[in-house]
Every structure is written in C-alpha cells, then in structure tokens.
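So the structure is just underneath, and the comments pick up after that.
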Amino acid sequence: MDKLKVYVVAEDYAGYESPLLAQHGISILLETYGNDLVKPFRILFDAANNSEALLYNMKLLGIDPKKIDAVVISHCHWDHTGGLIGVLKAIKKENLPVIAHPEVFKVNITFEPYLKSEGVPYNCTIENIESLGCKLILTKNPVKIVKGIMTTGQIERTTEFEKGGIFTFTVVNGNLVPDEILDDMALIVNIKDKGLVIFTGCGHAGIVNTVLHSMKITGVRKVHAVFGGFHLLNASEERIRKTVEELKKLGVEEVYSGHCTGFRAHMEFYKKYGEKFHRIHSGYTTIF
C-alpha cells in the first residue's frame, strides 16, 4: 500500500476544545491509496456504540458513509458493535462486505456489578445485517481485503504474561463458561517502505500476541505502528511493563493508543516511546 490516511471517527476522548463527540468505544476509518487502485478504498474498523454520534463525527470530518467499501468488526463487545446497524443503514450499499469472526454473535455477559450483556446489541443480528444487503463474511481465517490489507483472523496466543484478565462469560453446550474472546481480530496494513501498521479494537488476544501473529501470517518482520485499544486498563504494573518492553524488542516504531488502554499504560508507553507515542481521540487523523 502506497499511502494510508486514518481517521479516528469515535473514541472515549474527544480531544481538547473539539466539536466532535466522544463515546465509549472505538471506530476508525482507513482510506487507502495505491497498489493499482483506481480510487481510494475505505474500510471502517469497528462501529463504537452509538451510530448517531458516529455519523455526526463523520459529517464534521467530511466522511461520506456511502463511500465506505468494507466493514471489519474486531470482536463482539457492544462498544464496538453498538453503532453497526445504524452505520450500515447510512452506508446503504448492496453486497457491502462485513467481516467478523464466526463467534461474534455469541452470548457474552458479565455479573459485575450485576448481570448484563456485554455482547452485540439486540438489533445486531445476522438477519438484520443481511436484510440491509450486506455480505457477512464470518471466518476464523485471515481475509485479504485489497492488496496489502488483511484481517488477522483468530489470533494465536503464545505469550504467558498476556493470559488471564477474563471478565465475561459465554454459553457453550448449555454451560456457562469464561469467555476468552477468541473472536478478537485485528486489521493489518502493509505500507510501502514502512512496514506493518496493525489496528486493534481492544486487543483482547494481547497486543504482543497480535503483533507476533501479524508478523507470522504476513511474513513481514518490520512493524511501523500499532494503533487502537490494548485492554491494559486494569492490567498489573508487571504486565504493562512487559508489554511495552516486548513491543520495543519486536521493533514496533510507533504507538497510537486510546480507548481501553488506560492512563497507567499510556504513561509507560510515553516513558519508553516519547514523541513516538500518540494519544488518539475522536477526530484524530494521520497519514502513513
């Protein structure tokens, strides 16, 4: 890919003196150029939790939802899927690819502080998505979207320090079991002369696992940046320290983070990455 323009359409922080709206969740628009594309190809990665706020921000950012060419959902949680139906109605495009893991529509609940659903909202169903003319691609495997851009598929988990942290449950064969969020996926863009830029929703598989898996399936060892939420908000100091250390060892050059990463992790990233650490927010834009 010759060039990638990134818009953070929705995030937990709106930025300083910004007219844009914040909301719990994340949604990122990728606008790609090059590799013989006759026009920019646009991918929406996640849909945050509220489509009205999402579409409001799109309007302020000059983004026409009807020009979105594909949608990728990172995992089941409501703060990534809550805005999906509303934004698909705004895109209004037949055969629009919507890519997700086959377990994304599962039951996902928590008992703290009380019983509630953490999964996709009630209206986010296979039937409703397909009724809008979309083509659901539900697979555990990586999906090539255009040359230089692919999903990770289900992420291989190999690190010891990124295990644990389970706070939700699902139902398997009638039994209530801890949900490891195996539906967690990321999006990989291979930028010419830079290397990989890896986008995560929450990074439930672990951001280091995600980088290792991305390197493995692409065969590319150079990682320019990781971008998104890394789910370190309630992580131990040891896990935060180890995460930053391992990303440095793997040669990750820049970190763009927000959503569920947390203040303590952001401070550690800033200590180790300095000006190469970027706190994203609604309306944040950059070009790779």
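Quick note: the coordinates plus some simple rules give every number you see, no bench work behind them. It should be emphasised that the depicted structure is a prediction, and the values quoted were computed from it without experimental measurement. Methodologically, a virtual Cβ is constructed for each residue, glycine included, from the backbone with ideal geometry; neighbour enumeration extends over all protein chains shown.
Compute the Cα gyration tensor for the stretch 74-206, then decide on rounded, prolate or oblate, letting a ≥ b ≥ c be the square roots of its eigenvalues: rounded whenever a/c is under 1.5, prolate when a/b is larger than b/c in the other cases, and oblate in all that remain. If you can, show how the numbers build up before the last one.
Numbers: a/c = 2.07, a/b = 1.13, b/c = 1.84.
Since a/c reaches 1.5 but b/c is at least a/b, the shape of the stretch 74-206 is classed as oblate.
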**OP:** Apply 1/(1 + (r/R0)^6) to the Cβ-Cβ distance of PHE111 and GLU156, taking R0 = 25 Å, and write down the FRET efficiency to the nearest 0.05.
**Re:** 0.30
**OP:** Give the label of the value calculated from the structure for semi-axes √(5λ) of the Cα gyration tensor in Å, choosing from (1) 31, 30, 15; (2) 38, 19, 19; (3) 25, 24, 19.
**Re:** (3)
Original post:
Cross-link partners among lysines for LYS135, C-alpha distance below 18 Å, same-chain residues fewer than 8 apart left out?
Top reply: LYS66, LYS67, LYS89, LYS92, LYS93, LYS144
**OP:** Work out the charge dipole of the chain with +1 on the Cβ of Lys and Arg and -1 on the Cβ of Asp and Glu about the Cα centre, then indicate which of ASN108, PHE227, MET150 is farthest towards its positive end.
**Re:** MET150
Original post:
So how far apart, in nm, are the two label points at GLU127 and GLU275 if each is 7 Å from Cα heading toward Cβ?
Top reply: 5.6 nm
**OP:** State the extension gain, in nm to one decimal, for the chain segment bounded by ASN173 and GLU52, taking 0.36 nm per residue of separation less the distance between their alpha-carbons.
**Re:** 39.9 nm
Subject >> Dipole magnitude of the stretch 243-287, debye to nearest 20 (Cβ charges: Lys/Arg +1, Asp/Glu -1, about Cα centre) >> reply: 120 debye
Original post:
Label 7 Å along Cα→Cβ of TYR33; the stretch 249-288 residues with amide nitrogen under 12 Å?
Top reply: 287-288
Original post:
So how strong a dipole does the chain carry about its Cα centre when Lys and Arg Cβ are +1 and Asp and Glu Cβ are -1, to the nearest 20 debye?
Top reply: 820 debye
Subject >> For the stretch 222-267: rounded, prolate or oblate by the Cα gyration tensor [a/c cutoff 1.5] >> reply: oblate
**OP:** Would you please name the GluC sites (Glu not before Pro) within the stretch 141-243 that are DSSP coil residues with at most 14 other C-beta atoms within 10 Å of their C-beta?
**Re:** GLU156, GLU160
Original post:
In terms of the Cα gyration tensor, with a ≥ b ≥ c the square roots of its eigenvalues, is the stretch 1-131 rounded because a/c is under 1.5, prolate because a/b exceeds b/c, or oblate?
Top reply: oblate
Subject >> GLU245-LYS92 pseudo-label distance in nm [points 7 Å out on the Cα-to-Cβ vector] >> reply: 5.5 nm
**OP:** Using the Kyte-Doolittle scale, find the helices of the chain whose mean hydropathy is at least 1.6 and whose Cα atoms extend 20 Å or more along the helix's long axis, counting only whole DSSP H runs.
**Re:** none
Original post:
Counting only DSSP beta bridges with both residues in the chain, what percent are antiparallel, rounded to the nearest 5?
Top reply: 60 percent
